[in-house]
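Peer 1: Below: one structure in structure tokens.
Every number here is computed from the coordinates shown, using simple stated rules; none is lab data. Remember, predicted model here, so these are calculated numbers, not experimental data. Here the Cβ is made from the backbone with ideal geometry for all residues, glycine too, and neighbour counts use every protein chain on show.
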Amino acid sequence: MNKLRWSIVLGLFVLLMYGNAHSFAREISIISHKDYPSGTITAAKVKEIYLGEKIAEGTVKIKPMEQNDESIKKRFIEKVMGSSVDAYKAYWIKKFFQEGITPPTAKTSSSDLIQAITQTNGGIGYVWSDDVKGDVKVLLKIDVGN
């Protein structure tokens with residue numbers, strides 16, 4: 001009977017630990033203006049957009065936006081862009097001065113970014129998935145871990 005009790009306790013402990021680890025996983029949604037020509041996007045295309053390499057989707061000029069919130073910005077740059085924040089900033093400084101290309105527009109919060117995207121044809125950005133609200137299109141969801 002004692003072994004059975006310990007097995008049950010251990011099983012419950014494992015379930016609780018798995019449940020807690022899973023519940024804290026974060027997900028970033030790549031969102032766009034509702035009239036964005038594509039219904040989905042790949043992580044590789046997102047990277048091209050945020051490196052200034054892909055500037056249009058069909059006839060629509062893409063207007064990337066990012067967040068000033070360091071927690072989501074860091075996760076996005078590390079997980080999606082495959083870079084560090086410092087290297088990403090250095091890339092854009094070089095791109096701006098050498099090619100005259102402007103980096104993505106920064107917004108102060110998810111709600112500001114969502115509002116700007118709803119008002120900007122070709123607007124695209126990233127927010128925590130649980131912040132998605134309003135009249136935007138979710139193009140991609142990316143698990144960025146805990």
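Peer 1: Residues in the range 115-133: is at least one in contact (Cβ under 8 Å) with a residue 40 or more places away in the chain, surrounded by fewer than 17 Cβ atoms within 10 Å (Cβ to Cβ), part of a strand (DSSP E or B) and not charged (D, E, K, R)?
Peer 2: No, the conditions are met nowhere in the range 115-133.
Peer 1: Please work out if residue 38 is under 16 Å from the mean Cα position of the chain (by Cα) and hydroxyl-bearing (Ser, Thr, Tyr).
Peer 2: Details: under 16 Å from the mean Cα position of the chain (by Cα): no; hydroxyl-bearing (Ser, Thr, Tyr): yes.
Spelling it out, it is not the case that residue 38 is under 16 Å from the mean Cα position of the chain (by Cα) and hydroxyl-bearing (Ser, Thr, Tyr).
Peer 1: Another question, then. For the range 83-114, name all the residues that are part of a helix (DSSP H, G or I), within 20 Å of residue 132 (Cα to Cα), out of contact with any Phe, Trp or Tyr (no Cβ under 8 Å at 6 or more places or on another chain) and among the polar types (S, T, N, Q).
Peer 2: Within the range 83-114, just 111 meets the criteria.
Peer 1: Pull up the range 55-78, narrow it to residues that are surrounded by fewer than 16 Cβ atoms within 10 Å (Cβ to Cβ) and among the basic types (Lys, Arg), then point me to the one that is nearest to residue 30 (Cα to Cα).
Peer 2: The extreme case among them is 74.
Peer 1: For residue 80, all conditions in the list (1) without any contact (Cβ under 8 Å) to a residue 40 or more places away in the chain; (2) among the aliphatic types (A, V, I, L, M); (3) within 24 Å of residue 132 (Cβ to Cβ) hold save one; what is the number of the exception?
Peer 2: Just one mismatch for residue 80, condition (1).
Peer 1: Then there's this: Going by what's in this entry, would residue 137 be described as part of a helix (DSSP H, G or I), under 27 Å from residue 25 (Cα atoms) and touching a strand residue (DSSP E or B) at 6+ places or on another chain (Cβ under 8 Å)? Step through it out loud before you land on a result.
Peer 2: Values: part of a helix (DSSP H, G or I): no; under 27 Å from residue 25 (Cα atoms): yes; touching a strand residue (DSSP E or B) at 6+ places or on another chain (Cβ under 8 Å): yes.
Taking the combined requirement at face value, the residue does not satisfy it.
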